[in-house]
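Colleague: Handing you a structure now.
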Amino acid sequence: MPPEIEIDYTIEHGLPEDLTAIEVGTDLGLPMEPVADVGDMPTIKIKPGRPDLAADAAAGALIATRLPIYLRGGALVRPTMEVVDAADGTKTITAKLRDVTLPGLMYILARAAIFQSFDGRKGDFKRVDPPEKTAAMILDGAGDWTFPSVAGVITTPTMRTDGTILSESGYDRQSRLYLVRDPDLVLPPIPEAPTREQALEALQLFKDLLHEFPFVSPVDRAVALSGLLTTVARPALATAPAIAISAHTAGTGKSYLVDVAAALSTGRRCPVIAPGRGEEELEKRLGPLILNSVPIVSIDNIEGELGGIFLCQATERPAVGLRPLGKSEIRTAECRSMFYLTGNNLVLLEDMTRRALMANLDARMERPELREFAGKPFDLVLANRGAYIAAALTILRAYRVAGMPDRLPRLASYEQWSDNVRSTLVWLGEEDPVLTMEKTRKADPVAQAIRQLYAQWEKKIGLHDRRTSASVIATATMADDEELLDLLMRQAGEGKSVSPKRLGKWLSKVAGRIFDGLQLEVENDASNGNRYRLVPVAGAERDQRPAEAIEADQVLIPRPNPLNYWKATRGE
């Protein structure tokens, strides 16, 4: 191992003060300067026959020098920066995580240590380039050494899970996030202990931003507000639900609402991807974005229904297994990206109904695309981005400082988000955004089919009566019940009749699910065929009412000047 060296080193970004002079697409990278004079760098003497020792020493030198090399998904990555267009001729900084390549690692090693090999002619060691074999061994066994783990790279300050603010550039060991501060981002001072009144004042800024969007109800607006706060809080949260935005007509403002959130998070419009033709195609599009630690992404223009195992995992699990493009291995990487879903008459399927919050927009006009957003909320955020970020952090921190009063029961799989975003909004008098989940669940065609099955089963067959799939079909046929037959045909039709085998597969898939206080049980019998019965569930509510219709909230909120908040927080 290399000698222990006392190093006083801080990564300096060296970002230019004026981004306008930088060409769009320029990869600014991160500086890989030596941590000290050459004389202070560790020396690694390469011994023939012991490449393992050279790899151990080189990896130790990389870790000791604290160069921006991190472990993510079992591979070494480095944060990189790029200048991109924002809007109206302005530019901003984006950041992402890139895999460290073999030539790249050799470049970095040359700045971390001095390599020497024995020169037999001179009878002494001489300086050589970092050996390719050494670099390859480090890349192949990156997880064998104690490289610091990185959860993601961000360009916007955020709040750690303990309520403290992460605003210093560089690697944060507590959150394992790497913050690349945009030089043009001026963040006003955030009160050390913001009060509820200050949080309400800050929240008014965001309510003002949204006042021209035609939300169907206050709950829908609460979903949008939660989305704005989540864009700032998301990097430090293990998980967060997706934000779905639906409308009846194109041009209502779905994508524009996402752009407002992206302006807050990244200083530019939101990158979008299409859902593709199947789950596998969507996974191929989302996977690289998650690996690169893209902070926000929108699955845009979804036609009809959306679901799938991978999207459920990406929105619910702290880490997901991903296959990098062109490679066969699977990497397990933390997902700190925020997902937006937009579409006309969007319907979420099965498990996605509890992994997304749905905001509904309705402009109540034939050509909503002809409307203009007079307040230009996207431009407003770009022009005063620091003020809005400070406002979001003030809101989030105020609830923590207050002791998290009246904290709502935690939403399963999204406990941190529920504590820090959802409960904060309700504490400030807003509707609970999670209320939209029940309405979304009832609109799920898969759930609707099961509800219909249970209702018809109870009516035509009865509770506790054991039936095979063939017996269920016979009952529906003899009763000449069009509603039940139509349901069975949709789920298990084969030609002009219902297939007992296909129906049995569907019933087995449905078994165990509880709807309206009822549950289908299955008794496995390989010889005579499985038998199914519908039973009431003790303690479960029998509620068959349709989702309540909520009238539109057309109340417009006066538009305060966000600069007033900025000046107030700066003490001006």
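The values are calculated or read from the model by the stated rules, or taken from the named source; none is laboratory data. What you see is a predicted model, and the numbers here were worked out from it, not measured in a lab. Please note: Cβ atoms are built from the backbone with ideal geometry, for glycine as well, and neighbour counts cover all protein chains shown.
Colleague: Among the residues of segment 377-384, is there at least one that is assigned to a helix (DSSP H, G or I), touching a residue at least 60 places away in the same chain (Cβ under 8 Å) and under 30 Å from Asp486 (Cβ atoms)? Outline the logic, then answer.
Modeller: If we filter segment 377-384 for residues that are assigned to a helix (DSSP H, G or I), which is where we start, we get 377-383.
Filter once more, keeping what is touching a residue at least 60 places away in the same chain (Cβ under 8 Å): 377-382.
Next cut, under 30 Å from Asp486 (Cβ atoms) only: none.
No, there is no match, as no residue in segment 377-384 is assigned to a helix (DSSP H, G or I), touching a residue at least 60 places away in the same chain (Cβ under 8 Å) and under 30 Å from Asp486 (Cβ atoms).
Colleague: Those residues that are farther than 24 Å from Val153 by Cβ and over 20 Å from the mean Cα position of the chain (by Cα), I need them from segment 314-365; list them, please.
Modeller: As a first pass, look at segment 314-365 and keep what is farther than 24 Å from Val153 by Cβ: 328, 342-365.
Ser328, Asn344, Asn345, Asn360, Leu361, Asp362, Ala363, Arg364, Met365 - these are the residues of segment 314-365 that are farther than 24 Å from Val153 by Cβ and over 20 Å from the mean Cα position of the chain (by Cα).
Colleague: Does any residue of segment 137-160 turn out to be on the phi > 0 side of the Ramachandran plot and out of contact with any strand residue (DSSP E or B) (no Cβ under 6 Å at 6 or more places or on another chain)?
Modeller: No.
Colleague: Within segment 140-150, how many residues are modelled with pLDDT of 90 or more and over 12 Å from Ile63 (Cα atoms)?
Modeller: Qualifying residue count, segment 140-150: 1.
Colleague: Continuing with this model, one more query. Among what's in segment 120-140 and is free of Cβ contacts under 8 Å to residues at least 60 places away in the same chain and of a type in the set (Lys, Arg), pick the residue that is surrounded by the fewest Cβ atoms within 10 Å (Cβ to Cβ). First the steps, then the outcome.
Modeller: The initial filter retains those residues of segment 120-140 that are free of Cβ contacts under 8 Å to residues at least 60 places away in the same chain, namely 120-124, 126-127, 129, 132, 136, 140.
Pick out the ones that are also of a type in the set (Lys, Arg) and you get 121-122, 126-127.
On the way: Arg121: 6, Lys122: 8, Lys126: 11, Arg127: 10.
Ranking the qualifying residues of segment 120-140, first place goes to Arg121.
Colleague: A further question on this structure: Considering (1) farther than 19 Å from Ile190 by Cα; (2) in a helix (DSSP H, G or I); (3) touching a Leu at 6+ places or on another chain (Cβ under 9 Å), say which one Glu430 fails and leave the rest.
Modeller: (2)
Colleague: So, of the residues in segment 536-551 that are surrounded by 13 or more Cβ atoms within 10 Å (Cβ to Cβ) and at pLDDT 75 or above, which turns out to be farthest from the chain's Cα centre (by Cα)?
Modeller: In the first step, residues of segment 536-551 are kept if they are surrounded by 13 or more Cβ atoms within 10 Å (Cβ to Cβ); the result is 536-537, 540, 550.
If we keep only those that are at pLDDT 75 or above too, we end up with 536-537.
Values: Pro536: 38, Val537: 35 Å.
The residue in question is Pro536.
Colleague: Tally up the residues in segment 490-503 that are assigned to a helix (DSSP H, G or I) and of a type in the set (S, T, N, Q), please.
Modeller: Of all residues in segment 490-503, those assigned to a helix (DSSP H, G or I) come to 490-492, 500-503.
Now narrow it down to the ones that are of a type in the set (S, T, N, Q): 491.
The number of residues fulfilling the criteria is 1.
Colleague: A follow-up question, please. Please work out if Tyr70 is under 28 Å from the mean Cα position of the chain (by Cα) and of a type in the set (Ser, Thr, Tyr).
Modeller: Details: under 28 Å from the mean Cα position of the chain (by Cα): yes; of a type in the set (Ser, Thr, Tyr): yes.
When the stated conditions are applied, Tyr70 passes them.
Colleague: OK, next. Out of curiosity, is Pro183 surrounded by 20 or more Cβ atoms within 10 Å (Cβ to Cβ) and farther than 30 Å from Ala247 by Cα? Reasoning before the result, please.
Modeller: Details: surrounded by 20 or more Cβ atoms within 10 Å (Cβ to Cβ): no; farther than 30 Å from Ala247 by Cα: yes.
Taking the combined requirement at face value, the residue does not satisfy it.
Colleague: Show me the strands (runs of 3 or more DSSP E) found entirely inside segment 220-328 where at least 3 residues are within 21 Å of Val347 (Cβ to Cβ) and aliphatic (A, V, I, L, M). Spell out the reasoning first.
Modeller: Numbers: elements: 242-247, 296-306, 319-322.
Output list reads 242-247, 296-306.
Colleague: It is to be established whether one or more residues within segment 159-179 are modelled with pLDDT under 90, basic (Lys, Arg) and either touching a Phe, Trp or Tyr at 6+ places or on another chain (Cβ under 9 Å) or closer than 22 Å to Tyr70 by Cβ (or both).
Modeller: No, the conditions are met nowhere in segment 159-179.
Colleague: Which residues, taken from segment 346-376, are assigned to a helix (DSSP H, G or I) and either among the β-branched types (Val, Ile, Thr) or out of contact with any Gly (no Cβ under 6 Å at 6 or more places or on another chain) (or both)?
Modeller: From segment 346-376, those assigned to a helix (DSSP H, G or I) are 350-354, 368-370; that's our starting set.
The answer is Asp351, Thr353, Arg354, Leu370.
Colleague: Still on this structure, I have one more. Can you tell which of Pro405, Pro409 is within 22 Å of Met358 (Cα to Cα), free of Cβ contacts under 8 Å to residues at least 40 places away in the same chain and of a type outside the set (S, T, N, Q)? Talk me through it step by step, then tell me what you get.
Modeller: Working: Pro405 fails: within 22 Å of Met358 (Cα to Cα).
Exactly one residue qualifies, and that residue is Pro409.
Colleague: Something else now. Which of (1) over 29 Å from Tyr171 (Cα atoms); (2) without any contact (Cβ under 8 Å) to a residue 60 or more places away in the chain; (3) surrounded by 24 or more Cβ atoms within 10 Å (Cβ to Cβ) is the odd one out, the single condition Leu286 does not satisfy?
Modeller: Single failed check for Leu286: (1).
Colleague: Would you check which residues across segment 374-400 are surrounded by fewer than 16 Cβ atoms within 10 Å (Cβ to Cβ) and touching an Asp or Glu at 6+ places or on another chain (Cβ under 9 Å) and list them?
Modeller: Within segment 374-400, Ala374, Gly375, Asp379 qualify.
Colleague: Shifting gears a bit: Could you tell me whether segment 79-91 includes any residue that is of a type in the set (Val, Ile, Thr), under 21 Å from Glu334 (Cβ atoms) and touching a residue at least 24 places away in the same chain (Cβ under 8 Å)?
Modeller: In the first step, residues of segment 79-91 are kept if they are of a type in the set (Val, Ile, Thr); the result is 80, 83-84, 90.
In the following step, the residues that additionally are under 21 Å from Glu334 (Cβ atoms) were identified as 80.
Applying the additional criterion that residues be touching a residue at least 24 places away in the same chain (Cβ under 8 Å) yields 80.
Yes - at least one qualifying residue is present in segment 79-91.
Colleague: In segment 80-119, what count of residues is obtained for those that are modelled with pLDDT under 85, surrounded by 14 or more Cβ atoms within 10 Å (Cβ to Cβ) and assigned to a loop (DSSP other than H, G, I, E, B)?
Modeller: The number of residues fulfilling the criteria is 3.
Colleague: Are there any pairs, at least 6 apart or on different chains, whose C-beta atoms fall under 7 Å, with the first in segment 476-499 and modelled with pLDDT under 80 and the second surrounded by fewer than 18 Cβ atoms within 10 Å (Cβ to Cβ), and if so, which?
Modeller: Correct list of pairs: Ala479/Lys460; Asp481/Lys460.
Colleague: Exactly one of these conditions fails for Asp419: (1) without any contact (Cβ under 8 Å) to a residue 24 or more places away in the chain; (2) exposed (fewer than 15 other Cβ atoms within 10 Å of the Cβ); (3) part of a helix (DSSP H, G or I). Give me its number.
Modeller: Just one mismatch for Asp419, condition (2).
Colleague: Then there's this: Tell me which residues, restricted to segment 69-79, are surrounded by fewer than 21 Cβ atoms within 10 Å (Cβ to Cβ) and not in a strand (DSSP E or B).
Modeller: Gly74, the sole residue that qualifies.
Colleague: Further, regarding this structure: Just the residues that are out of contact with any Ser or Thr (no Cβ under 8 Å at 6 or more places or on another chain), among the β-branched types (Val, Ile, Thr) and part of a loop (DSSP other than H, G, I, E, B), please, taken from segment 458-489.
Modeller: Thr468
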